[in-house]
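The values are calculated or read from the model by the stated rules, or taken from the named source; none is laboratory data. Treat the numbers as computed from the prediction; the structure is a model and nothing was measured. No Cβ is skipped: glycine too gets one built from the backbone with ideal geometry, and neighbour counts run over all protein chains shown. Remember, those area values only see protein heavy atoms, side chains included, never the ligands or the DNA or RNA. Shrake-Rupley method; radii C 1.70, N 1.55, O 1.52, S 1.80 Å.
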Amino acid sequence: MDRPRAVDGRAPDVFDPAGGHVPMRMYPETEEVDFAIVGTGAGGGTLAARLSELGFSVVAFDAGPYFRPLEDFASDETEQNKLYWLDHRVCDGENPIKMGGNNSGKAVGGSTVHFAMVSLRFRPEWFRSRSALGYGVDWPIDWRDMWRYYAQAERAIGVSGPVTYPWGPHRPRYPYRAHEMNSAAKLLARGCEALGYRWTETPLATVSAPRGKSPPCVYRGFCRFGCSTNAKQSALIVWIPRALKAGAEIRDLAMVGRIETDAAGRATGVHYHRSGTWRFQRARNVVVAGYAVETPRLLLNSANARFPDGLANSSGLVGRNLMTQSNQAAWGRMDDEVRWYKGPPSLAITEHWNYEDRGKDFHGGYCWMAQGPLPIEWVSVQTGARGLWGERLRREMMDYNHQIGVKMVGEMLPDEANRVTLADEVDQYGLRVARITYRWGDNDKRLIQHALRQMMMSLEAIGATNRFVQEDDTNHLAGTARMGFDRDSSVVNADCRSWDIPNLWVCDGSVFPTVGGVNPALTIQTIAMRTADRIKTLAQRGEL
Amino acid sequence: MVREGRHSATDEDRFPGYDVANKRDTLSWDAVTRTAINRRLAVPHEPRFLAPPQWRTLDALCRRILPQPADRPPIPLAALLDATLCAGGTQGFRVHPLPHDPDAWKHGLDALDAEAREQFGAAFCELAEDTQDSLLVQAQNGKLHNPAWDPMTAQLFFEKRILVDIPAMYYSHPTAWNEIGFGGPASPRGYVRMELNRRDPWEAVERKPGHEAEARLQNRHVG
């Protein structure tokens, strides 16, 4: 798809299997819209919907295409590479981060189009990890405030989950019943019970019963490659339709390359590339929601005479404190046929080591979840973790239907040396590409070793044979425009508003001061919902 | 009988008679999936991105990374990879000091060939399989240091490109899905039976010792 689809007053109907459209309001570029939002994923998509519902005029840009899942998404790992951000990036450092499908989407709906739908709340103490737990930094948002918005976000995306969640303070029951567990999930449960740990069905943003135009999940197992039935409650099918209905305009295949500022040091709009030319949209406010690599890249690429180090960067923290999450795994073989390709990959979870601090020689926490890698991902584990090739590799792969595994999502600590900067090479738009530098710290390594031991024990307990660990994998991003209490130690405040430029906002995983030991998507959407309400309040007070 | 015996001995054909393509016209394959797989099966068997000597090196390399049984049409690994590189590569990011995918492949194949010529006086594709394997083991273990690799290293190329891209091509092919008993495309039908040791009628049957014929018969009805 190389031509924009959201044009001429209409946008693709994401529920139509045959090229249908829905009406879309459009704004002239000369009109100063209330908000230009860069990115339409968990942060930008959510914010576009909520701000337009609160009465603001919104134009949201995405560099990627506008898909109709029912007609565009194949049941195929290779074909669905089209969902990922595959533009050039340079990765270096002692532990270079693997990009692509692990952590970035390039489509309307962002990476929620291919995320695994895992929708978890942070442990309350993580919002004050420095004062309560002695590591990282505190968030400027109180956990009770987040707890209220978590409940709203879970209702908004129809999370399917257990009636009673085993960890943390009370939370309301999930709006949809938990999904049936597949055999991989039941084996996780068996392993946890052997170790004396609680487990539960994973709260997932894919519906277990009809919801609007979404049918219940059919357990086809290609969740991480785009849901072709619309059971998955991605931003593409939840927030973007809401935004359109409330009067927002979505511009697909529109790459924002630079934010313009005026003599007073305020943002005036965005320069974007669409249909072969550079264009400019005026805006009263600009929100950057490109996730933890593209967000700092855009802020740095927008440097000008007044802001020579990039926008919102008087603290020098734009691009710094990049965090990913440890995503190591333990794998084994069962005599039983597991057939882990059926159903969402992560139907069961234990958050034991997110909530239990005794017996740890590290800060932070982690969870682990059941797994169901499809063949290409699975072979990458066999080659990456074990270095297999040749006849041995082909033989090992024949055990595919007997494999079992558990994979962690672990907290990595913020470190200013882990960062996004600009490389010297440029991309297809002529913009300098991101250079992503990463190194695991000693604490990160201790946490990983603890988790690997625990996960191996759980596999041993269920009688899995041929066990091995996958030591090198990471997932998710955070931290490169952190929120905080003051302008010296953060980029934005609790409302996601930049300290330096009052009408420039950041609303995505970049604002996380710490990353926690759970998948970030729900927290990003929660922050976006809170930010929209805060913006409304500020506008009413005349403080926008 | 001879055929069955050979199969038992080599553990070949764990899912006898299973052909994921039999589901092509069922509720497990939708139009967009059929189109994508058709395009893959029709990949041209000639280099469009690589130069002919690079293609020959790649073809020989693929035969060592994933050797294929002689009794079925091989998955055209070099052709699939050449087509992927022609379209810009597989992943977008590069791990420094590797160049981006297409350049890394050209450079890496040239270097592998240079290494073969220096050590054995012949092109990589002309070497005996054992010799090719020993060179690859050296690459994997960081023991190849021909200046032709600069600025990347043989080990990094082996780990980040060879062991990532060639297997990805192999397991993108329906023949490989048959070999491992993967259900393959599954939209819109999905699956129903999620329990241990249960299969839907549209999933592969694994051969159990002494029950080969049964598995073959059942797999004929997968659809």
| message | What does the C-alpha gyration tensor say about the overall shape of segment B:114-170? Classify as rounded when a/c is under 1.5, otherwise prolate if a/b is larger than b/c, or oblate. | response | oblate
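Which trypsin sites (Lys or Arg not before Pro) in segment B:126-202 pass both tests, a DSSP loop state and at most 13 other beta-carbon atoms within 10 Å? Walk me through the numbers before you get to the answer.
Numbers: sites: B:LYS143, B:LYS160, B:ARG161, B:ARG189, B:ARG193, B:ARG198, B:ARG199; in loops: B:LYS143, B:ARG189, B:ARG193, B:ARG198, B:ARG199.
The qualifying sites are B:LYS143.
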| query | Does segment B:50-172 classify as rounded, prolate or oblate by the C-alpha gyration tensor (a ≥ b ≥ c root eigenvalues; a/c under 1.5 gives rounded; else a/b over b/c gives prolate, otherwise oblate)? | reply | oblate
| query | Restricting attention to segment A:235-276, which trypsin sites (Lys or Arg not before Pro) occupy a DSSP loop and are surrounded by at most 14 other Cβ atoms within 10 Å? | reply | none
| note | As straight-line cross-link partners of A:LYS186, the qualifying lysines (C-alpha separation under 19 Å, not fewer than 8 residues apart within one chain) are A:LYS342, A:LYS407
| Prolate/oblate/rounded call for segment A:10-540, Cα gyration tensor, a/c under 1.5 rounded | prolate
| Cα centroid separation - segment A:396-441 against segment A:495-544, whole Å | 24 Å
| request: May I ask you to compute the full-extension gain from A:ARG144 to A:PHE485, defined as 0.36 nm times their residue separation minus their alpha-carbon distance, rounded to one decimal in nm? | output: 121.0 nm
| query | In segment B:184-198, which residues give up 40 Å² or more of accessible area once the other protein chains are added, compared with their chain alone (1.4 Å probe)? | reply | B:SER187, B:TYR191, B:MET194, B:GLU195, B:LEU196, B:ASN197
| Taking the Cα centre of the protein assembly as shown as the origin, how large is its charge dipole in debye, to the nearest 20, when only Lys and Arg (+1) and Asp and Glu (-1) carry charge on their Cβ atoms? | 2000 debye
| said: Could you tell me the relative contact order of segment A:49-158? Use alpha-carbon pairs under 8 Å, at least six residues apart, and round to a whole percent. | reply: 18 percent
| field | DSSP bridge pairs, segment A:400-544: antiparallel proportion in percent, nearest 5 | value | 90 percent
| Using 1/(1 + (r/R0)^6) with R0 = 51 angstrom and r between the beta carbons of A:GLU460 and A:SER275, what's the FRET efficiency to the nearest 0.05? | 0.35
| Residue-count net charge about A:VAL113 - beta-carbon cut-off 13 Å; Lys, Arg +1, Asp, Glu -1 | +2
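For Cα pairs less than 8 Å apart in space and 6+ apart in sequence, what is the mean separation divided by the residue count of chain B, i.e. the relative contact order in percent?
Relative contact order here is 34 percent.
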| said: Just to verify a number: FRET efficiency for A:ARG386 and A:ALA209, C-beta to C-beta distance, R0 = 41 Å, to 0.05? | reply: 0.50
| note | Toy charge model, Lys and Arg Cβ at +1, Asp and Glu Cβ at -1: segment A:145-198 dipole around Cα centroid in debye, rounded to 20, equals 100 debye
| query | Which order do A:ASP335, A:ASP145, A:ASP357, A:ASP252 take when ranked by solvent-accessible area (1.4 Å probe, heavy atoms of all protein chains), largest first? | reply | A:ASP335, A:ASP357, A:ASP145, A:ASP252
| request: At a 1.4 Å probe radius, which order do A:THR30, A:THR40 fall into by accessible area, largest first? | output: A:THR30, A:THR40
| query | With every protein chain in place, what's the accessible area of A:HIS88 (1.4 Å probe, Å², nearest 10)? | reply | 70 Å²
| message | Taking the alpha-carbon distance from B:LYS143 and a cut-off under 28 Å, which lysines remain once sequence neighbours fewer than 8 residues away in the same chain are dropped? | response | A:LYS98, A:LYS445, B:LYS106, B:LYS160
| query | If you add up the charges near A:ASN304, with Lys and Arg at +1 and Asp and Glu at -1, over every other residue whose beta carbon is less than 9 angstrom from its beta carbon, what do you get? | reply | +1
| query | Within segment A:198-220, what residues put their amide N at less than 12 Å from the label point 7 Å along the Cα-to-Cβ vector of A:GLU356? | reply | A:198-199
| query | Which distance in nm do the two modelled labels at A:ASP335 and A:GLU31 give, with both placed 7 Å along the Cα-to-Cβ direction? | reply | 7.0 nm
| field | Area accessible to solvent at B:ASP25, 1.4 Å probe radius, in Å² | value | 120 Å²
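Expected output is a single nm value to one decimal: the length gained when fully extending between A:LYS245 and A:ARG439, i.e. 0.36 nm times separation in residues minus the C-alpha distance. What is it? Display every interim value, and only then the final one.
On the way: separation 194, 0.36 × 194 = 69.84 nm, distance 4.41 nm.
Answer, rounded to one decimal: 65.4 nm.
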| query | Relative contact order (percent) for chain A, with alpha-carbon contacts under 8 angstrom and 6 or more residues of separation? | reply | 22 percent
| note | Rounded to the nearest 10 Å², the accessible area of A:ARG148 using a 1.4 Å probe with every protein chain kept is 140 Å²
| task | Of the DSSP beta bridges with both residues in the protein assembly as shown, give the percent that are antiparallel, rounding to the nearest 5. | result | 70 percent
